[in-house]
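The values are calculated or read from the model by the stated rules, or taken from the named source; none is laboratory data. Keep in mind it's a predicted model, so treat the numbers as computed, not measured. Cβ: placed from backbone, ideal geometry, glycine included. Neighbour counts: every protein chain shown. Surface areas here come from the heavy atoms of the whole protein model, side chains and all, with no ligands, DNA or RNA. Shrake-Rupley method; radii C 1.70, N 1.55, O 1.52, S 1.80 Å.
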Amino acid sequence: MFISNLNLKQQETLFQLAKKIVAIDGIVDEKENLMLDAIKKEMHPNTNVESNHKEPLNTIFASKKEVSSLLFELLGLAYADDDYHEEESRFINEIANQLNISKESLYAMENWVQRQLCLSREAIYLMEE
């Protein structure tokens, strides 16, 4: 949803982090794989999904818009299987800390993602009535 706000290097880093989130709880859910595929489809065609950038995240993601876009995407992926696992939460908190995002801001983003998922489920329900 927010991938277009990111440049190629940021998209590559997003995908690198997304793969870690999917694998962090030891279970790769079908919904998580579908989300990874959806992220790939939204990425610029020249993006190298196998890249492995080593720079600190706060040098790759400088603006509030870029940081927020990254976190919204990662949170959406973490909630994709309807189970925001403790390890996923810990990992995202570490990323937020590296990017100087307050706990309050991260909490607001988590709430927004949860509301979006509820609205998506409601839309699916309405389409199936």
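Observations, loosely collected:
- With N counted as the residues of the chain, its alpha-carbon radius of gyration over 2.2 N^0.38 Å works out to 1.03.
- The gain in end-to-end length when the Glu122 to Phe2 segment is fully stretched comes to 41.1 nm, 0.36 nm per residue minus the alpha carbon separation.
- For the chain, complete DSSP H runs whose alpha carbons reach 15 Å or more along their own long axis and whose mean Kyte-Doolittle score is 0.0 or higher are 8-24, 64-78.
- Within the shell of other residues whose beta carbon sits under 12 angstrom from the beta carbon of Leu34, the net charge comes to -2, with Lys and Arg scored +1 and Asp and Glu -1.
- Area accessible to solvent at Arg121, 1.4 Å probe radius, in Å²: 110 Å²
- Loop-resident sites, region 1-102, for GluC sites (Glu not before Pro), counting at most 10 other Cβ within 10 Å (DSSP): Glu50
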